[in-house]
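Rule-based calculations on the coordinates, nothing more; no lab input. Predicted model only: the values in this text are computed from it and were never measured. Cβ atoms come from the backbone with ideal geometry, glycine included; neighbour counts cover every protein chain shown.
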Amino acid sequence: MSVVATTDRLFLRHLAPADIDALGVIQADPEVMRYVSGRPLSRDETAAQVDRIVAYQTALGFSLWGVVDRATDALLGRAGLLVQIIDGVPEVEVAYLLARASWGRGLGTEVAEAVGRHAREVIGLRRVVALVHPANVASARVVTKLGFATERRIEWHGEPRDVFASATADPVGVCLP
Ligand SMILES: CC(C)(COP(=O)(O)OP(=O)(O)OC[C@H]1O[C@@H](n2cnc3c(N)ncnc32)[C@H](O)[C@@H]1OP(=O)(O)O)[C@@H](O)C(=O)NCCC(=O)NCCS
C-alpha cells in the first residue's frame with residue numbers, strides 16, 4: 001500500500017483494482033456525481049476509470065488517490081491531481097470526491113488541503129486549479145477556504161465550470177529562461 005499523504009483523520013493512498021467495488025458504490029450515487037460527470041457511473045465505468053488512474057500514476061507520478069478513513073480503513077472517496085488542457089493551456093487540477101455519508105464533517109476541506117500541499121511541497125507546483133460547477137456550492141466553498149480565487153467561467157465537455165486557481169501566472173509553476 002503506497003501512502004501519498006496523511007491528515008488528522010484521513011490518508012491518501014494509491015488506488016488499485018481491489019478498490020473497484022467500494023469506489024463503484026460511491027460513484028453509483030447520483031448525488032455524488034451530480035457536478036462531476038452529471039450522472040452516476042456504472043461499476044464497469046469505475047473499473048475502467050481505476051485502470052486509467054493506475055496507468056496515469058505510473059506514467060506521471062501522480063493521479064487520483066484513494067481517500068481512506070484512518071480510524072476504520074474504509075475507502076471514503078478519491079482525490080488527487082490531474083493534468084487538464086484548459087483553453088489550450090496545461091493546468092493541474094485538484095480533484096476530490098467523497099461518499100455522501102462523509103459529507104459535512106470538514107473532510108472535503110481536509111482532503112483538498114492535503115492534495116494542494118502535495119502539489120506544492122512534493123511536486124513543486126506553484127499553481128493548481130479546481131474546475132467547479134457553478135451550482136456546486138460545497139466545492140466552491142472548499143476551494144475558497146483553501147485561498148483559491150475564481151478566475152473565469154469556461155465550458156467543459158458541454159457543461160459550465162468555474163475555474164478557481166491557487167495562484168496567478170505561470171500555470172505549471174516552471175519558469176524557463
Ligand atoms: C465537495 C465535497 C468534497 C465537500 O465535502 P465536505 O466534506 O462536505 O466539505 P466540508 O465539510 O469540508 O465543507 C466545506 C464548506 O462547504 C460548506 N458546505 C458543505 N456542503 C454545503 C452545501 N450543500 N451547501 C452550502 N455549503 C456547503 C460547509 O459548510 C463548509 O463551509 P464552512 O466551513 O464555511 O461551514 C463533497 O460535497 C463531495 O464529495 N461532493 C461530490 C463530489 C464533488 O462535487 N466534488 C467536487 C468536484 S469540483
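Observations, loosely collected:
- Residue 60/residue 154 FRET efficiency (R0 30 Å; Cβ-Cβ; nearest 0.05): 0.85
- For residue 29, the amide hydrogen comes within under 5 Å of the amide hydrogens of 41, counting only partners 5 or more places away or on other chains and with H modelled in the peptide plane.
- Gained length - residue 120 relative to residue 135, 0.36 nm times residue gap less alpha-carbon distance: 2.6 nm
- Peptide ranges 159-165, 144-150 listed from the most packed, as the mean C-beta count within 10 angstrom indicates: 159-165, 144-150
- Sparsely packed trypsin sites (Lys or Arg not before Pro) within the range 5-77, loop by DSSP, other Cβ within 10 Å at most 13: 70
- Summing Cβ point charges (Lys, Arg +1; Asp, Glu -1) relative to the Cα centre of the chain gives a dipole of roughly 360 debye.
- In this structure, the amide hydrogen of residue 64, modeled 1.01 Å from its nitrogen in the peptide plane, lies closer than 5 angstrom to those of 81, counting only residues at least 5 positions away or on a different chain.
- For the range 56-112, diffusion coefficient by Stokes-Einstein and Kirkwood Rh (Cα), 10 °C, 1.306 mPa s, µm²/s: 127
- Over the chain, the pair-distance histogram of Cα-Cα distances with 5 Å bins from zero comes to 1, 8, 18, 22, 22, 18, 8, 2, 1, 0 percent, rounded to whole numbers.
- Rounded to the nearest 0.05, the FRET efficiency derived from the C-beta distance between residue 2 and residue 43 at R0 = 22 Å is 0.35.
- Reducing the range 43-99 and the range 153-167 to their Cα centroids gives an inter-centroid distance of 18 Å.
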